[in-house]
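Visitor: Questions regarding the structure given below will be posed in turn.
The values are calculated or read from the model by the stated rules, or taken from the named source; none is laboratory data. Just so we're clear, the structure is a prediction, and the values are computed from it rather than from any experiment. All Cβ positions, glycine included, derive from the backbone under ideal geometry; neighbour counts span all protein chains shown.
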Amino acid sequence: MTQLAQLEFVKADKLKEKPDPSTLQFGKVFTDYMFEMDYDIEEGGWHNPTIKPFSPLSLSPASFVFHYGQAVFEGLKAYKQADGTIVIFRPEKHIARLNTSNERLCIPKVDEKLALEALVQLIELESDWVPEKEGTSLYIRPFIISVEPYLGVRPSYHYKFMIILSPVGAYYADGQLNPVKIFVEDEFVRAVKGGVGHVKTPGNYAASLLAQEHAQKKGYEQVLWLDGKENKYIEEVGSMNIFFKINGEIYTPKLNGSILSGVTRDSVIELVKDWGVPLHEERIAIEDIFEAHQKGLLEEVFGTGTAAVISPVGELRWEDKVITINNNETGEFAKKLYDTITGIQYGKLEDTFNWVKKVK
Ligand SMILES: *Cc1c(COP(=O)(O)O)cnc(C)c1O
């Protein structure tokens, strides 16, 4: 056993009332408990793993994170299956990615076994918070912030690793996938090779807000980012990776150091390979997508991410060119991927890839 054998537990005086499942949104309601663990070089690294009541933090205004943004996060989900079993989707992969993010931002790595144990124990304790209705889930947000009170620029000596939980409603209210309109961003960039585009860090989101706002004013829901150097090659959508179905084959941008390595992206790739559909992970120029459309070969476009699982794209705008994809309808392939992944998550399909971890 790891240090989690010494996990401290602070009991809440009073538990909150659970929200009405039909009113759940995203990330507004939090459960009774959270996990917290501190890092201090002098105290031997990560120590004091504790589960305690969800409550505000008290931090010095000089804490590193407020000034230099040294922070990372993850986002994953727990599901309640029809027989009451509670599972987490690919938690090991999310924790491994947290450590990849840590490495790039000079944050000390966490023991992956310990982090997984913490996650499982917290969800077990909060299992009554996992909503039952199909499509709903318990969103899990692990994150690490640098908390040393010091204004000099170097890696912080103190950190906090926390996990908070939020019951969330179904992404697709009526279970019907609805295609989104996407604006291909040709002015701002999200990330460059050698930077932190492959890292799940708050700053990437801060940097993306203005483009997102511009796109929304023009009537588009999300931005598709192009590469930061030539403004030519497709990277990803705001918080999703992107896939194209062209003439029966699947294409997605290759991980190149500036694209986030999505767990859903990886799950889609494994399924596509398993189904024997040709898959190309490569550099994709935006003009090739528009050309494929012109030739009538662009069959489907969809984003992948934990929140939506699969998000079909019905319209793409690049400069003054607008294309409608698959009649602005959800494509068969996107639907099959969605049904398969959610089927595994909700226990309706056999978990042949060993993706779900049973909590209780
Ligand atoms: C989290 C995230 C994704 C999707 O990753 P999943 O692991 O599939 O949820 C894609 N792009 C960015 C920028 C992200 O932060």
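Visitor: Which ones in segment 189-204 are in contact with a Phe, Trp or Tyr (Cβ under 8 Å, 6 or more places away or on another chain) and not aliphatic (A, V, I, L, M)?
Guide: Correct list: Arg190, Lys200, Thr201, Pro202.
Visitor: If the requirement is being surrounded by fewer than 18 Cβ atoms within 10 Å (Cβ to Cβ) and either away from the ligand (no atom under 16 Å from the Cβ) or without any contact (Cβ under 8 Å) to a residue 24 or more places away in the chain (or both), which of these qualifies: Glu315, Glu299, Glu270, Glu249?
Guide: After applying the criteria, what remains is Glu249.
Visitor: Does Asn204 count as more than 11 Å from the ligand (Cβ to nearest atom) and either outside any loop (DSSP other than H, G, I, E, B) or more than 16 Å from the chain's Cα centre (by Cα) (or both)?
Guide: Criteria not met by Asn204.
Visitor: Name the one entry in Gly219, Gly194 that is outside the structural domain of Glu134 (by TED's automatic domain parsing), more than 21 Å from Ile286 (Cβ to Cβ) and assigned to a loop (DSSP other than H, G, I, E, B).
Guide: Being outside the structural domain of Glu134 (by TED's automatic domain parsing), more than 21 Å from Ile286 (Cβ to Cβ) and assigned to a loop (DSSP other than H, G, I, E, B) holds for just one of Gly219, Gly194, which is Gly194.
Visitor: Tell me whether segment 102-125 contains one or more residues that are in a helix (DSSP H, G or I), among the polar types (S, T, N, Q) and under 20 Å from Tyr33 (Cα atoms).
Guide: So far as segment 102-125 goes, yes, one or more of its residues are in a helix (DSSP H, G or I), among the polar types (S, T, N, Q) and under 20 Å from Tyr33 (Cα atoms).
Visitor: Kindly indicate whether any position in segment 148-157 is farther than 30 Å from Lys336 by Cβ, crowded, with 18+ Cβ neighbours inside 10 Å and within 20 Å of the chain's Cα centre (by Cα).
Guide: No, every residue in segment 148-157 fails to be farther than 30 Å from Lys336 by Cβ, crowded, with 18+ Cβ neighbours inside 10 Å and within 20 Å of the chain's Cα centre (by Cα).
Visitor: Let me ask something else. What number of residues in segment 1-30 are under 30 Å from Tyr157 (Cα atoms) and either in contact with a Cys (Cβ under 6 Å, 6 or more places away or on another chain) or of a type in the set (Val, Ile, Thr) (or both)?
Guide: Adding up the residues that qualify gives 2.
Visitor: Is there a residue being assigned to a strand (DSSP E or B), surrounded by fewer than 22 Cβ atoms within 10 Å (Cβ to Cβ) and either over 17 Å from the mean Cα position of the chain (by Cα) or of a type in the set (S, T, N, Q) (or both) anywhere in segment 57-79?
Guide: yes
Visitor: Which of the following residues is within 15 Å of the ligand (Cβ to nearest atom) and under 30 Å from Val153 (Cβ atoms): Glu74, Glu103?
Guide: Glu74
Visitor: So which of Asp111, Asp83 ends up being more than 16 Å from the ligand (Cβ to nearest atom), at negative phi, of a type in the set (D, E, K, R) and surrounded by 13 or more Cβ atoms within 10 Å (Cβ to Cβ)?
Guide: Only one candidate qualifies: Asp111.
Visitor: OK, next. Assess whether Val301 counts as being of a type in the set (Val, Ile, Thr) and over 18 Å from the mean Cα position of the chain (by Cα).
Guide: Judged against the criteria, Val301 is a match.
Visitor: Continuing with the same structure: Considering only segment 221-242, I want to know if a residue exists there that is in contact (Cβ under 8 Å) with a residue 60 or more places away in the chain and either loosely packed, with under 15 Cβ neighbours inside 10 Å or more than 16 Å from the ligand (Cβ to nearest atom) (or both).
Guide: No - not one qualifying residue is present in segment 221-242.
Visitor: Considering each of Glu126, Glu103 in turn, give the residue that is in the same structural domain as Asp38 (by TED's automatic domain parsing) and without any contact (Cβ under 8 Å) to a residue 24 or more places away in the chain.
Guide: After applying the criteria, what remains is Glu103.
Visitor: Residue check: is Leu260 buried (at least 22 other Cβ atoms within 10 Å of the Cβ), part of a loop (DSSP other than H, G, I, E, B) and within 13 Å of the ligand (Cβ to nearest atom)?
Guide: Here the answer is yes, as Leu260 does meet what is asked.
Visitor: Let me ask another. Select from segment 23-56 the residues that are assigned to a loop (DSSP other than H, G, I, E, B) and among the small types (Gly, Ala, Ser) and write down the one among them that is farthest from the ligand (Cβ to nearest atom).
Guide: Gly44
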